[in-house]
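Enquirer: Quick one: structure below, then a few questions.
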Amino acid sequence: MNLYLITPDPALAQMAVQAGVDRIFVDLELDGKVARQGHRDTVISRHTLDDVRAVRQVVPAGGLLVRVNPWGVNSEQEIEQVIAAGADLIMLPMFTTFGEVQAFTKCVDGRAITIGLVETPQALARMSSILENGELDEIYFGLNDLHLAMGLDFLFEVLAGGFLDQAARLCREAQVSFGIGGVARIGEGDLPAELILGEHERLGSQGVILSRAFTGRAQQASDLPNDFDLRREVMNVRECASRLASRTGDQRAADHEKLVAKVHDIVARQPAKQKPKMAPIQMEQLLNRPPIQTDITNARSYIEGESVLITGGGGSIGSEIARQLIPLKPKEIILAGKGENSVFEARHDLQLLGFEDVTATILDVQNRAAVDRLLEKVKPSVVFHAAAYKHVHFMENAPIQAVKNNVFGTKNVAELAAVHGVKKFILVSTDKAVNPTNIMGASKRAAEMILLSLSGKSETQFTSVRFGNVLGSRGSLIPILQKQIAAGGPVTITDERMTRYFMTIPEAAQLVIQAGAQNDQGTIYILDMGEPVRIVELVNRMLDLHGLRAGRDIEVQFIGARPGEKLHEELNWSSEDLEPTGTSKLLRLKSAPQSDWTKFTTDLDSLDQTCEQGNELQVRELLMKLIAQT
């Protein structure tokens, strides 16, 4: 039985080796990043490569295990630095994606044994596929880690449901060593060490990781209690394991039931989880920067006394654009959208603000004849085109609908705006249009390209506005998280490392209106939104505002990126030059000239025909080829 002790302290590591511990376990934080365990946003170490080198000096060859958190690993060179510092074994927390496990193990292949620590439901679910692909040399099941990270109720499900027995069988079939983590001192802890050691012996595991509670959570020799005898405590663990090895099969089964009953008893004594009291949150509180206040009074030059059409006028952005137009004194605002209730409510809101010159109409931008009739009837001078399907993973399953609405709906409105003499046409776009890996982003990039192709061919000034995620917009991240928190959890996050640019609804609307005041033709504008924000930090900020803490008051689960989602968004293509405008926080993107708009138009026609044929795979392929002309 290999025993592991967790410490970055050379003095305590030396004491442990002398006391009979086989391997020393160091949690490493690369580049000053906070290490986390499971899904908990909890600092568990601030250990560096210097700590690894120091411990290396007192630990025999083969006895130094370093856990490197994958979100702290930026390159193969960093892994090589860890190995060069003296690591004999590398441990990977297995709550990351399977692709990351493969990438990580590729870095250390042939240079260090790779161990996985299973401590979340996502890791448990992935274990089978990881074993099948032979990516790990050893796997450890952190029973007390499961308890701390996910709660005793989840640990009860793991134990009572027979998962450990199935996992042990899979490990044996794959010829992968496995062990148990989370053993405290004999006779202490909520989950007695004897019962966890009993699972180790019952399952036939090869190693045991002593929990941080084993040393009273002391990570330095100087912090150990005066009466603490490390040699005696290690001996107690080994002697207990030896006694348990002589049990009969019936005794092993009985002890397993005792552990299950113990966990069940603790769970039953826990007070019922109360749903949190939800205090109202202002979206500005969630930004990682001061809110941007843009002076839009100069937009009066193109709004005052004019008829303004807003497609998607019942949506979060379209309705906010309408509200912010009121002080600019438009002659009339026409709200057009597919949703009857949302358009009705948006019109009612404007009337409550004292603006009566508002018309609401039902419009599907895919219906070219209906768009033509509306433009002929209302004769707008300005069109804000906000109508779009926007949900990334949803549109991955509906590529034809996304293309027909976002691409050809934009084409209909833009071409007919030029025919009917519209002065300014402003497209609401997205940062997902940059190097898109999904249908929604690609369809919005195609919409931008349509405006570029039309620029300069009529009196209409075509402009696109590109921005990031809008906090609080309907169906976006924040309302979903609010509902999950109000329900008492779990709160779901796709990926620990995922980042996004964020802005509030008023900021987005100000940007769109301000961009229309510029006099450039065929230009894309963006808002300087500061640095991208990690989704997990945004979630923690929300929880803090509600007085909650992840892992203690509410469960947080990492569910993995959904189809089409990128870890990080970008604001401009490599072919686009970023430059300031005369307006604070408003940036201009100059696109590289498109050389063959005739081919682009021909390819659009082919895409349209393929949509009508209903071939989703070919629609996806043609769309990606279309935007590759950028």
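The values are calculated or read from the model by the stated rules, or taken from the named source; none is laboratory data. Just so we're clear, the structure is a prediction, and the values are computed from it rather than from any experiment. No Cβ is skipped: glycine too gets one built from the backbone with ideal geometry, and neighbour counts run over all protein chains shown. We work out accessible area using only protein heavy atoms, side chains counted, and drop any ligands, DNA or RNA first. Shrake-Rupley method; radii C 1.70, N 1.55, O 1.52, S 1.80 Å.
Enquirer: Once both labels are modelled 7 Å past Cα along the beta-carbon direction, what's the His264-Arg231 spacing in nm?
Expert: 4.4
Enquirer: Can you list the residues, at least 5 places off or on another chain, whose amide H is less than 5 Å from the amide H of Thr504, using H built in the peptide plane?
Expert: Counting only residues 5 or more places away or on other chains, the set is Leu471.
Enquirer: Provide Val308, Val58, Val419 ordered by accessible surface of protein heavy atoms (probe 1.4 Å), highest first.
Expert: So, going from the largest accessible area down, we get Val419, Val58, Val308.
Enquirer: Further, regarding this structure: Arrange the peptides 312-323, 544-555 so that the one whose residues have, on average, the most other Cβ atoms within 10 Å appears first.
Expert: 312-323, 544-555
Enquirer: Can you give me the C-alpha center-to-center distance between segment 191-235 and segment 414-474, rounded to a whole angstrom?
Expert: When both Cα centres are located, 62 Å separates them.
Enquirer: Listed highest first by mean packing, meaning other Cβ atoms within 10 Å per residue, what order do 79-85, 492-498 come in?
Expert: Put in order of decreasing packing, that is 492-498, 79-85.
Enquirer: Would you check the accessible area of Asp227, probe 1.4 Å, heavy atoms only, in square angstrom rounded to 10?
Expert: Only protein atoms counted, so the area is about 120 Å².
Enquirer: Can you send over the carbon and sulfur percentage of the accessible area for segment 434-483, probe radius 1.4 Å, protein chains only?
Expert: 55
Enquirer: I would also like to ask the following. Give a residue-ordered list of calculated ³J(HN,Hα) values for segment 479-491 (Karplus: 6.51 cos²θ - 1.76 cosθ + 1.60, θ = phi - 60°; whole Hz; x for Gly, Pro).
Expert: x, 5, 5, 4, 5, 5, 5, 4, 7, x, x, x, 8
Enquirer: Give me, ordered by chain and number, the residues 5 or more places off Asn2 or on other chains with an amide H under 5 Å from its own placed amide H.
Expert: Amide H neighbours of Asn2: Gly207, Val208.
Enquirer: So, by mean Cβ neighbours within 10 angstrom, what's the order for 580-589, 11-20 with the highest one leading?
Expert: Taking the mean over residues of other Cβ atoms within 10 Å, the ranking is 11-20, 580-589.
Enquirer: OK, next. Over segment 474-514, give the accessible area per residue in Å² for a 1.4 Å probe, as an integer.
Expert: 28
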